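Notes for the one structure printed next.
The values are calculated or read from the model by the stated rules, or taken from the named source; none is laboratory data. None of these values were measured; they are calculated from a predicted model. Glycine gets a Cβ as well: all are built from the backbone with ideal geometry, and neighbour counts include every protein chain shown.
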Amino acid sequence: MNQIYDVISQNTSGRGLYDITPQLKKWLNDQVLTNGLLTLNIQHTSASLLINENYDSDVLIDLENFFARLVKDGDENFIHTTEGDDDMPAHIRTALTQTNLSIPIKNKVMMLGTWQGIFIYEHRYHDFNRKVTVHFIGE
């Protein structure tokens, strides 16, 4: 078994879902390993990783609308508001989603479902450069 570590970056322009599937496909194609397990870890506490539908963008809109109702920005019960009304809601959204993903790789292809893609889910309103640690173990 061999291992490859790397970091990919994605600029975000406010709250929303950013499809990083094409970037990961390119990254995998450039590697010497063919089969194994790809592990992703986002290095932030106010953004997360999701595997979800990448065909119908209505799914992403509905997902964001759900979270907007579930975790209100500016809720007066939050005391952690150092960076604004979206600060604590961003941390809660991250806690309710995922910061790590594991995807099997076969012949340099992520074994995702037909309509699945990998997304960074930005929970803040501001622009950020998000970093995702990539670990590929295999042969």
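Just the residues that are of a type in the set (D, E), in contact (Cβ under 8 Å) with a residue 24 or more places away in the chain and within 30 Å of M110 (Cα to Cα), please, taken from the range 57-95.
The answer is E64, and nothing else.
Could you list, in sequence order, the residues of the range 20-39 that are surrounded by 17 or more Cβ atoms within 10 Å (Cβ to Cβ) and part of a strand (DSSP E or B)?
Within the range 20-39, G36, L38 meet the criteria.
So which residues in the range 87-127 are aromatic (F, W, Y) and under 13 Å from the mean Cα position of the chain (by Cα)?
F119, Y121
Answer with yes or no whether Q10 is under 12 Å from the mean Cα position of the chain (by Cα) and either over 30 Å from D85 (Cα atoms) or not aliphatic (A, V, I, L, M) (or both).
Criteria met by Q10.
Please go through (1) surrounded by 13 or more Cβ atoms within 10 Å (Cβ to Cβ); (2) of a type in the set (F, W, Y); (3) over 18 Å from L33 (Cβ atoms) for F136 and return the number of the only condition it doesn't satisfy.
Status for F136: all satisfied but (3).
Any idea which of (1) within 16 Å of E122 (Cβ to Cβ); (2) outside any loop (DSSP other than H, G, I, E, B); (3) at pLDDT 95 or above is the one R69 doesn't satisfy?
(1)
If I filter the range 40-61 down to residues being hydroxyl-bearing (S, T, Y) and modelled with pLDDT of 95 or more, which single residue comes out as surrounded by the most Cβ atoms within 10 Å (Cβ to Cβ)?
Going through the qualifying residues, I end up with S48.
Taking the range 75-132 on its own, how many of its residues are outside any loop (DSSP other than H, G, I, E, B), surrounded by 13 or more Cβ atoms within 10 Å (Cβ to Cβ) and of a type in the set (A, V, I, L, M)?
11
Among the residues of the range 1-19, which ones are part of a loop (DSSP other than H, G, I, E, B) and not basic (K, R)?
M1, G14
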